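Structure record follows, encoded as structure tokens.
None of the figures in this text is laboratory data; all of them are computed from the coordinates on show. Just so we're clear, the structure is a prediction, and the values are computed from it rather than from any experiment. A quick note on method: Cβ atoms are made from the backbone with ideal geometry, for glycine too, and the neighbour counts reach across all protein chains shown.
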Amino acid sequence: MPSKAIKVPEELWPRRGGWRGRVVSVLKKPGDRVSRGEPLVEVEIEKAILVIESPYDGVVSEVLVSQGSPVELGSELVRVDVVGEG
Amino acid sequence: MEKVRIRVSVNDRYRGVVSLVSRLGIATVCEGALCPNIFECWGGGVATFMIMGDVCTRGCRFCYVRKGRPQPLDPMEPLKVAEAVRVLGLDYVTITSVDRDDLPDGGAGHYAETIRAVKRLNPNVKVEVLIPDFQGDEDALRVVVEAGPDVLAHNIETVRRLTPMVRDWRAGYDQSLKVLRVAKELNSNLITKSSILLGFGESFEEVVEAMFDLRRAGVDILVLSQYLRPSPKHLPLAKMYTLEEFRKLEGVAYKLGFSYVVAHPLARTSYKAKEAYIEATKRLKGFES
């Protein structure tokens with residue numbers, strides 16, 4: 001099973017970067033199964049709380065952030081062993 | 001106050017919009033204003049274009065669009081926007097802009113060229129423009145109206161009392177009402193539209209007064225939405241409205257005679273603009289018959 005990093009997507013408001021956020025909650029732990037589209041991490045920015053979804057079906061292998069972690073565009077959040085791809 | 005939650009979902013259509021607007025070099029208000037609906041709209045292949053650059057000459061204290069000295073106009077931009085509409089296959093497009101107080105006509109001529117270029121390349125498309133106030137210049141407004149947009153939007157943004165705090169000093173509550181009133185006088189068939197952002201500290205009565213003033217200016221479509229502070233440098237949020245409060249204001253708006261009302265915390269002027277246009281048109285036709 002290939003391992004993939006799930007990041008704060010670079011395509012978020014693609015030409016208007018510069019904002020920072022912090023993790024307010026991590027919704028999965030290592031060993032948890034995740035489905036494509038399932039919420040993984042919530043990131044608070046000034047305007048809102050961004051709910052970052054898993055783009056893959058798989059199993060969480062590593063959680064790279066915790067509550068309060070500062071994040072920005074491209075920050076790695078979680079690693080997932082992807083099922084059905086490879 | 002609990003912040004709104006936005007699901008970040010990047011699909012292939014979203015990536016297609018990213019690629020298209022980057023390749024053509026055209027700005028979108030979706031990015032410029034950190035719009036919370038970008039995932040829904042771009043994920044469905046719809047974007048709202050922002051012409052005349054991405055730097056605004058005004059400093060409204062709620063808006064995240066960059067402020068400062070704007071770039072020169074791109075004479076190819078009208079064609080680029082027309083091409084983007086064609087590639088995305090849109091049958092309804094909203095075009096807005098930064099304010100260009102540095103230009104003699106405020107950018108009215110560029111708006112007109114863009115409307116015409118979009119319609120020339122996409123004969124069946126409906127065009128909504130969300131325009132600045134052109135400092136109240138009626139000639140500039142006439143240039144835009146005569147280019148034939150299907151909907152003309154101009155936002156009053158807030159209630160009378162809070163206008164000096166919320167908007168740039170060159171904007172004005174009465175000036176914005178005048179823009180909307182004159183646009184309707186120039187073309188009585190033109191559907192007009194305006195938005196009020198809620199959450200700056202306005203009272204219920206003040207919102208009703210603003211809605212009344214908009215109706216008196218002939219406005220057909222009203223958008224009521226929640227202000228979301230985009231950065232710590234912007235105006236603080238005074239209140240998050242509940243869905244019940246939105247429903248109550250929506251009910252008052254319909255009683256005041258608006259043809260269509262979009263009332264939702266995450267509504268923005270161009271959000272579901274096509275649906276609002278279709279519904280407003282139905283009701284206006286029904287009213288005439």
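Structure notes:
- Note on region B:125-139: residues that are in a helix (DSSP H, G or I) and either of a type outside the set (A, V, I, L, M, F, W, C) or surrounded by fewer than 24 Cβ atoms within 10 Å (Cβ to Cβ) (or both) total 4.
- So A:G74, is it within 14 Å of another protein chain (Cβ to nearest Cβ) and touching a residue at least 60 places away in the same chain (Cβ under 8 Å): yes
Yes/no per residue for (1) in a helix (DSSP H, G or I); (2) farther than 18 Å from B:L152 by Cβ; (3) more than 14 Å from chain A (Cβ to nearest Cβ):
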{"position": "B:I196", "(1), (2), (3)": "no, no, yes"}
{"position": "B:V207", "(1), (2), (3)": "yes, yes, yes"}
{"position": "B:D213", "(1), (2), (3)": "yes, no, yes"}
{"position": "B:L222", "(1), (2), (3)": "no, no, yes"}
{"position": "B:M240", "(1), (2), (3)": "no, yes, no"}
{"position": "B:E244", "(1), (2), (3)": "yes, yes, yes"}
{"position": "B:A253", "(1), (2), (3)": "yes, yes, yes"}
{"position": "B:V261", "(1), (2), (3)": "no, no, yes"}
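- Residue check for B:Y64: farther than 23 Å from B:I115 by Cα and either more than 9 Å from chain A (Cβ to nearest Cβ) or part of a loop (DSSP other than H, G, I, E, B) (or both): yes
- Some residue of region B:101-111 being touching a Cys at 6+ places or on another chain (Cβ under 8 Å) and not β-branched (V, I, T): no
- Hey, B:D54 among the acidic types (D, E), over 30 Å from A:P39 (Cβ atoms), surrounded by fewer than 22 Cβ atoms within 10 Å (Cβ to Cβ) and touching a strand residue (DSSP E or B) at 6+ places or on another chain (Cβ under 8 Å) or not: yes
- One residue alone among B:Y227, B:Y241 is touching a residue at least 60 places away in the same chain (Cβ under 8 Å), closer than 23 Å to B:C41 by Cβ and aromatic (F, W, Y), and that residue is B:Y227.
- Some residue of region A:12-19 being at the interface with chain B (Cβ under 8 Å from one of its Cβ atoms), of a type in the set (F, W, Y) and at negative phi: yes
- One residue from B:E83, B:E146, B:E138, B:E157 being over 27 Å from B:K178 (Cα atoms), of a type in the set (D, E) and touching a residue at least 24 places away in the same chain (Cβ under 8 Å): B:E83
- Residue within region B:98-110 that is of a type in the set (A, V, I, L, M, F, W, C), crowded, with 22+ Cβ neighbours inside 10 Å and either touching a Ser or Thr at 6+ places or on another chain (Cβ under 6 Å) or within 12 Å of chain A (Cβ to nearest Cβ) (or both) present: no
- Residue tally, condition loosely packed, with under 15 Cβ neighbours inside 10 Å, more than 13 Å from chain B (Cβ to nearest Cβ) and in a loop (DSSP other than H, G, I, E, B), over region A:36-71: 3
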